[in-house]
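The values are calculated or read from the model by the stated rules, or taken from the named source; none is laboratory data. Only a predicted model underlies this, so the values are computations on that prediction, with no experimental measurement involved. Every residue, glycine among them, receives a Cβ derived from its backbone with ideal geometry; neighbour counts consider all protein chains shown.
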Amino acid sequence: MTCLHRYWLKEFSKFFCIIQVLILVIFIFIDYLSRMDEFLKSDISLLRGLWYVLLKVPFMFVQLTPAGILLGAIAVFGLMNKNNELTTIRSSGISVYFLVKPALAAGFVLACLMFLLGETLIPVSMAKANHIRYFEIWKNEKISMGRKDIWIKSEKNLIHINYFDPASRTVSDITATRMGDDFKILDRIDAKKGVYEAGTWILENVMEQIYNPDSHEYDVKTVETKKIDLKIKPEDLGVMVKKSDEMSFFELRDYVAKVKNEGYDARSYQVDMHGKLAFPFICIIMALAGAATGMRSFAGTSMPAAIAVGVAISFVYWVMFGFCLSMGYAGALPPVVAAWITNLVSLCAGSLYLIHTE
């Protein structure tokens, strides 16, 4: 490693750490203060509320790392540009591509760190944070959850949902049982699929068993569709099932295989699985874009303008990434394409941006 590369990495590390710490501190204060009324209403201690916010810090660190890389690279190259260091270096015959090497190396290392945190610390911390949110703050005790199985108890009704797809807002293999005063089953509904439309659930391929007090037997009938009020919305189910951010990549991969083997649509989890691999790759793209922006002539005369360009680049990437993931959830794009297409387009655009800078 040359002295120039060591100098750049030293300056970048300083700016990156400052940016990350400032943003995380702001996040902690805003998130804690904005949820203060929830903490007070739920009767949990303020210290417990602070712990809930701190549990989300590893996840936020990973989410903010790409922006920190972009702004850090712009800051370092922008200052070198302002102090005419870039002019001196390039006049000696050193190309832009040589200067970009440490930025790409830093992006690669941070991408590996993001993936490592996503496999180890984040699933554990987010699972604990979600548990505090749902069961201590919201006090939702009527629903118990697993990865697939969801149990809902309301008064004398007991509902079991084998699988919920948050993308299509559908449930599969649902059983609704209503109990009598002596805990005898009054009726039971089994359905293959349920869709939430116009404020109610519409069940498909329904078999209904109704207790007949005269014969003391159950009358069985089947219908194609049946409307039923489950006393719960898809949004409630969505927050109760295990989230993708609570699972590592390999855990999510095994879960996708299990869901597919059981005949359910695992598209949304497939998109999230590929997204776990694609998202860290953004660090390399942001390092490339930050280096190209910081080397531009306007970055040396107006650092705020360079930072504004960096923020715009981040915003465009996030919009494209989120849009492509949504297309994957909807089935318009294959999961692997939905997760990676934004990175491929951004890498090509960043490379052209750097070539034009040279």
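What the table shows:
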quantity: Residue that is nearest to the chain's Cα centre (by Cα) [pool: residues in the stretch 176-200 that are assigned to a strand (DSSP E or B) and aliphatic (A, V, I, L, M)]; calculated: 195
quantity: Options 50, 33, 104, 70: the member that is at pLDDT 90 or above, crowded, with 22+ Cβ neighbours inside 10 Å and assigned by TED's automatic domain parsing to the domain that holds residue 287; calculated: 70
quantity: Residues of the stretch 177-192 satisfying the condition of being within 20 Å of residue 237 (Cβ to Cβ) and surrounded by fewer than 16 Cβ atoms within 10 Å (Cβ to Cβ); calculated: 192
quantity: Index of the failed condition, residue 278 passing every other in (1) of a type in the set (Gly, Ala, Ser); (2) farther than 15 Å from residue 173 by Cα; (3) free of Cβ contacts under 8 Å to residues at least 60 places away in the same chain; calculated: (3)
quantity: Within the stretch 194-216, tally of residues that are acidic (Asp, Glu) and either touching a residue at least 60 places away in the same chain (Cβ under 8 Å) or exposed (fewer than 11 other Cβ atoms within 10 Å of the Cβ) (or both); calculated: 2
quantity: Wholly within the stretch 53-131, helices (runs of 4 or more DSSP H) carrying at least 2 residues that are of a type in the set (Val, Ile, Thr) and closer than 30 Å to residue 254 by Cβ; calculated: 57-82, 121-131
quantity: The one condition in (1) surrounded by fewer than 16 Cβ atoms within 10 Å (Cβ to Cβ); (2) free of Cβ contacts under 8 Å to residues at least 60 places away in the same chain; (3) assigned to a helix (DSSP H, G or I) that residue 27 fails to fulfil; calculated: (1)
quantity: Conditions (1) closer than 22 Å to residue 127 by Cβ; (2) in contact (Cβ under 8 Å) with a residue 40 or more places away in the chain: number failed by residue 296; calculated: (1)
quantity: Condition met for residue 140 (surrounded by fewer than 20 Cβ atoms within 10 Å (Cβ to Cβ) and either in contact with a strand residue (DSSP E or B) (Cβ under 7 Å, 6 or more places away or on another chain) or modelled with pLDDT of 85 or more (or both)); calculated: no
quantity: Every residue from the stretch 1-37 that is aromatic (Phe, Trp, Tyr) and over 22 Å from the mean Cα position of the chain (by Cα); calculated: 7, 8, 12, 15, 16
